[in-house]
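Inspection log for the structure reproduced underneath, given as structure tokens.
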């Protein structure tokens, strides 16, 4: 072997050896990884991993960190996305050895039926955010769903679809994880999070009650007749004076069967959690 | 001193890593979709480039040249940079978890980034002194970060735009990169 070959082999061996030694020393003498990090990783295994932020922490990792630090976080505020999933919830409860409260998840509803006619042909930036900038959107009702799908784009599980005929966002409660990303994405503030056992919601967001012309803007608009409040027997429907629209009982989620039937515009819609006449047997 | 300033801006703007030297193109397109991640990636690259230059320069001048083994610089540099990134990642992971979460995914990506290796070669080819090569690395990293931030800003806006269907996504990004490269060509006249 020539001297050059020897030198090359020697140099490469030397550099490789030194580099390996330095890595070894670094792994030996650097402060050890937080033990809690492994715990966090294990808790994170149980979480859905959607990083939706519904729990109030920035992502599943941060939530797992908070739970690893203080398990009461899990008891008082279980992951809202995991909560409706009994099987997954049980596994995490078994692992932590705790029982969680507030297991009812949240689901999103769109307060609009999309029946309002289009006032003009909108050809701008193809988002609701863009359309809402131009004269409260291109639909006749200034409060209505614009149907350009800003909520569809942000929905982590893809639970929202747009009905192309009526141009309205439709949320599938089976897939909805209640993260609330669509709530902040909607420029019309039409989407609201409900308790998952809420049996009905209002399909209208038309707030300018005394605007008589407004009544005719949409065949499905609330006409503020308050019949729903009059027929309610146990206070399942009350009147929200600020929005000037009916509001449903959010605490125990009473079923407003009479109001659903009597509403002249039929805009009190049943949700997937509707179980018939439960509250008035 | 003026020499160092010239090297810094020469590396950052005139001989920009991405747009003029065509190094580090994969992160340029891969990580330039969101402003936040583009910034993290840029800072991580800046850090690694500077440390890699600081380590490879002495190795070349005090180890390879005396033994007449300059031809081995590629394999030696690759070895050194790969282990270097390992050590940096380990250090950050164990000392600052928040920083690790911010940079985490990007550090291993950089291990195989040609931009880092490219800068160490440029330092050798231009016969820079040690301080000059550190400044050159700083400039190159700053230029890389700058271009990544500009590109991500443009791409965030591009998502809003409504290009023909065939151009949607990466094709329009390529065309944008071309215009960006043309813009950076204008820096040619500043420093020879």
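Using a 10 Å cut-off around each Cβ, can you sort A:8, B:152 from fewest to most neighbouring Cβ atoms?
Sorted ascending by nearby Cβ count, the order is A:8, B:152.
Arrange the following residues from fewest to most other Cβ atoms within 10 Å of their Cβ: A:224, A:266.
Numbers: A:224 19, A:266 12.
Ascending Cβ contact count within 10 Å gives the list A:266, A:224.
Could you work out the relative contact order of region B:80-192? I mean the mean sequence separation of Cα pairs under 8 Å and 6+ apart, divided by the number of residues, in percent.
Relative contact order comes out at 15 percent.
What does the structure give for A:8-21 when I average, per residue, the other chain Cβ atoms found within 10 Å of the residue Cβ?
Numbers: counts 7, 1, 2, 8, 5, 0, 2, 10, 5, 0, 4, 10, 2, 1.
Going residue by residue through A:8-21 and averaging, the value is 4.
Mind running the shape call on region B:93-192? Use the C-alpha gyration tensor, a ≥ b ≥ c as the square roots of the eigenvalues: rounded below 1.5 for a/c, prolate if a/b tops b/c, oblate otherwise. Walk me through the intermediate numbers first.
Values: a/c = 2.53, a/b = 1.27, b/c = 1.99.
In terms of gyration-tensor shape, oblate.
What distance in nm lies between label points placed 7 Å from Cα along the C-beta direction at residue A:98 and residue A:197?
Label at residue A:98, label at residue A:197, 2.2 nm between them.
Considering only C-alpha atoms, what is the centroid distance from region B:172-192 to region A:77-150, in Å?
42
Averaged across the residues of A:115-128, what count of C-beta atoms belonging to other chains lies within 10 Å of each residue's C-beta?
Going residue by residue through A:115-128 and averaging, the value is 1.
Calculate the spin-label point distance for residue A:207 paired with residue A:262, positioning each point 7 Å from the Cα along the beta-carbon direction, and give it in nanometres.
Here the modelled spin labels are 2.7 nm apart.
Does region A:106-270 classify as rounded, prolate or oblate by the C-alpha gyration tensor (a ≥ b ≥ c root eigenvalues; a/c under 1.5 gives rounded; else a/b over b/c gives prolate, otherwise oblate)?
Note, shape of region A:106-270 comes out oblate.
Could you check the simple spin-label distance between residue A:27 and residue A:174, using points 7 Å along Cα→Cβ, in nm with one decimal?
Distance between label points: 4.8 nm.
Enter the angle in degrees (range 0 to 90, nearest 10) between the Cα long axis of helix B:114-125 and the first principal axis of the Cα atoms of chain B, meaning the one along which they spread out most.
Result, in degrees: 50.
Let me know the shape class of the protein assembly as shown, please: from the alpha-carbon gyration tensor, a ≥ b ≥ c as square roots of the eigenvalues, rounded when a/c is under 1.5, otherwise prolate if a/b is greater than b/c, or oblate.
oblate
Roughly what angle does helix B:35-59 make with the longest principal axis of chain B, taking Cα atoms, 0 to 90 degrees, to the nearest 10?
20
Just from its helices, what would the mean residue ellipticity at 222 nm be for chain A, if runs of 4 or more DSSP H residues each count -39500 (n - 2.57) and the sum is divided by every residue, rounded to the nearest 500 deg cm²/dmol?
-9500 deg cm²/dmol
Taking a point 7 angstrom from the Cα of residue A:125 along the C-beta vector, which residues in region B:149-192 have backbone N less than 16 Å away?
From region B:149-192, the list is B:153-163.
Which of B:155, A:90, B:73 has the fewest other C-beta atoms within 10 Å, and how do the rest follow up to the most?
A:90, B:73, B:155
May I ask for the angle, rounded to the nearest 10°, between helix A:35-46 and the longest principal axis of chain A, with both axes built from Cα atoms and the value confined to 0 to 90°?
Compared with the principal axis, the helix lies near 40 degrees.
Can you compute log10 of I(q)/I(0) for region B:2-189 with the Debye formula, treating each Cα as one identical point scatterer, at q = 0.14 Å⁻¹?
Once normalised to I(0) and log-transformed, intensities are -0.80.
When you have a sec, figure out the Kirkwood radius of region A:1-70 from all distinct Cα pair distances and drop it here in Å to one decimal? Don't jump to the answer; show the numbers that get you there.
Values: mean 1/r = 0.0631 Å⁻¹.
Result for region A:1-70, one decimal place: 15.8 Å.
Under 8 Å for C-alpha pairs, at least 6 residues apart: give me the relative contact order for region B:26-149, rounded to a whole percent.
50
Relative contact order for chain A: what percent, with Cα pairs under 8 Å and sequence separation of 6 or more?
So the answer I get is 14 percent.
FYI, it's all coordinate maths here, none of it is from the lab. Keep in mind the model is a prediction, meaning the values are calculated, not measured. Backbone-built Cβ (ideal geometry, glycine too); neighbour counts: all protein chains shown.
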